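Visitor: The structure's right below; bear with me while I get my questions together.
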There are 2 protein chains.
Amino acid sequence: MLVLALDPPFGLKGDKSTREIIEETKHVVSAYKIGLPLVLKEGVGVIREVKESSGRRVIVDFKLAEIGDVMKETISILARNGADAVIVHGFIGVEGALDVLVEESRKLGLDVIIVVSMTHKGATRFLDIHFEELLKQVVDLNVHGVVLPATRLHLIKKARGVLGGSIKIYSPGIGVQGAEPGSAICAGADYEIIGRLITRSENPRVVAERVYSAQLEAWRRCRGYQ
Amino acid sequence: MLVLALDPPFGLKGDKSTREIIEETKHVVSAYKIGLPLVLKEGVGVIREVKESSGRRVIVDFKLAEIGDVMKETISILARNGADAVIVHGFIGVEGALDVLVEESRKLGLDVIIVVSMTHKGATRFLDIHFEELLKQVVDLNVHGVVLPATRLHLIKKARGVLGGSIKIYSPGIGVQGAEPGSAICAGADYEIIGRLITRSENPRVVAERVYSAQLEAWRRCRGYQ
């Protein structure tokens, strides 16, 4: 339910290591999400380190938006280094881009998560105009999941109806970007992606546990699970 | 005029090193472009290695398409490691994304090159619908350059008129992707981005020189320079 975004620096004073953050949070985390800043700082080997020290899935979030051949090469390196899933943009379209990526990801056993919208205001300018088309593309490609922002919950509600139950919704934008823990789950998301609220706090363990409790509570309250 | 895309593997049998490719091509290359595959394989230090062994500018092409804070952190790492320019997508919009990136890039002395369209067919699905708006965004942000595909030359011709002379046009899609060397220059581009045609050939030196000659010839013939 909780996906922890590992974007350095970690700790209130930037003084915690990746390993410390993982140790303090893995008991309540479903998957760790790794972006460019961490991989540039620590090298691609950090993917396997996070995977092995946490025992959790690792989602590599470079928000890929390249031609098919370049993404194919990129994800084959990521898969060899232990990635379980990759995040890619939907707006690049299918022919010569997503088709190549999805085919290759199936061979590699990688889950594909497609960005349909983003948390910042600028995302309404071009992305949200094509919300329905981008969602339809996801359904046609039948990938593992989508990214939708907790900062615009109406998009999650609409998407849940279109996607049915099998395609997972991952939702960033909680904490520093403004949304409350549990709010995206309430609206229909499967996972909330949370980073700085936890990783830059004084006590990541306590904050992560508090977030997880709020998510469980939201799940019970809004989704009718016991 | 020639920007060489360093996407491994290099050489006809994948047996050449980055350093060999640079040695064989730097006399005709304006800048080297480095993408995710090379940085994942060799680490972020490869940026400075390419810069120092070539004496040329290095453009880091991750096709960034993130929220502002993540891109800010990413480009500060790239600048510390010797990058001269970064390539970023325009469709993410300005507020909370490109505005943050452009402001930070100015502090860091990094050139920003914005992707307006791409070479693959899927790019016509969402990107090209917003061609004029994406170009206007570039003019408003007043960045160093744009990326436009040599596979759809009419876009370059139109863009040259809108952008005037000061914003540079970088054009990929030549060689393996189908366009002829010199064709984008003829249409109004300042630089042609070429990769595999040169880097995966039997003799990168000879092919690079041949490409460069074709570009010079196109420049004289189509753009009226002596």
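Visitor: Condition check: over 23 Å from B:GLU20 (Cα atoms) and among the aliphatic types (A, V, I, L, M). Does B:ILE156 satisfy that?
Guide: Yes, satisfied.
Visitor: Determine if region A:35-58 includes at least one residue that is without any contact (Cβ under 8 Å) to a residue 40 or more places away in the chain, crowded, with 23+ Cβ neighbours inside 10 Å and assigned to a loop (DSSP other than H, G, I, E, B).
Guide: No, because not a single residue in region A:35-58 is without any contact (Cβ under 8 Å) to a residue 40 or more places away in the chain, crowded, with 23+ Cβ neighbours inside 10 Å and assigned to a loop (DSSP other than H, G, I, E, B).
Visitor: A follow-up question, please. Residues being at negative phi and either touching a helix residue (DSSP H, G or I) at 6+ places or on another chain (Cβ under 8 Å) or buried (at least 21 other Cβ atoms within 10 Å of the Cβ) (or both): count how many of those fall in region B:2-19.
Guide: So the count comes out to 11.
Visitor: Let me ask you something else. Across region B:119-168, which residue is surrounded by the fewest Cβ atoms within 10 Å (Cβ to Cβ) among those that are touching a strand residue (DSSP E or B) at 6+ places or on another chain (Cβ under 6 Å) and within 12 Å of chain A (Cβ to nearest Cβ)?
Guide: By that ranking, first place goes to B:THR151.
Visitor: Then there is this: Out of all the residues in region B:80-98, which are at positive phi and more than 8 Å from chain A (Cβ to nearest Cβ)?
Guide: Scanning region B:80-98 gives a single hit, B:GLY82.
Visitor: For A:LEU40, indicate whether it is of a type outside the set (Phe, Trp, Tyr) and within 12 Å of chain B (Cβ to nearest Cβ).
Guide: Yes.
Visitor: Additional query: Being part of a helix (DSSP H, G or I), in contact with a Pro (Cβ under 6 Å, 6 or more places away or on another chain) and touching a residue at least 24 places away in the same chain (Cβ under 8 Å), is that true of even one residue in region B:193-201?
Guide: Looking through region B:193-201, at least one residue is part of a helix (DSSP H, G or I), in contact with a Pro (Cβ under 6 Å, 6 or more places away or on another chain) and touching a residue at least 24 places away in the same chain (Cβ under 8 Å).
Visitor: Hey, can you tell me all the residues within region B:201-226 that are buried (at least 17 other Cβ atoms within 10 Å of the Cβ) and either among the aliphatic types (A, V, I, L, M) or in contact with a Lys or Arg (Cβ under 9 Å, 6 or more places away or on another chain) (or both)?
Guide: B:PRO204, B:VAL207, B:ALA208, B:VAL211, B:ALA214, B:ALA218
Visitor: If you check A:VAL70 against the conditions, is it β-branched (Val, Ile, Thr), without any contact (Cβ under 8 Å) to a residue 12 or more places away in the chain and within 9 Å of chain B (Cβ to nearest Cβ)?
Guide: Here the answer is yes, as A:VAL70 does meet what is asked.
Visitor: When you scan region A:27-75, how many residues do you find that are more than 30 Å from B:HIS120 (Cα to Cα), touching an Asp or Glu at 6+ places or on another chain (Cβ under 7 Å) and β-branched (Val, Ile, Thr)?
Guide: Qualifying residue count, region A:27-75: 1.
Visitor: Can you tell me which of B:ILE77, B:ILE34, B:ILE59, B:ILE22 is out of contact with any strand residue (DSSP E or B) (no Cβ under 9 Å at 6 or more places or on another chain) and hydrophobic (A, V, I, L, M, F, W, C)?
Guide: Residue meeting the stated conditions: B:ILE77.
The rows are residues; the columns are (1) in contact with a His (Cβ under 7 Å, 6 or more places away or on another chain); (2) among the small types (Gly, Ala, Ser); (3) more than 7 Å from chain B (Cβ to nearest Cβ).
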| position | (1), (2), (3) |
| --- | --- |
| A:PHE62 | no, no, no |
| A:SER76 | no, yes, yes |
| A:VAL100 | no, no, yes |
| A:SER105 | no, yes, yes |
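Values quoted throughout were computed directly from the atomic coordinates according to the rules given, and no laboratory measurement underlies them. On a predicted model such as this, the values are computed, not experimentally measured, just so you know. Here Cβ is always computed from backbone atoms with ideal geometry, including for glycine, and neighbour counts include all displayed protein chains.
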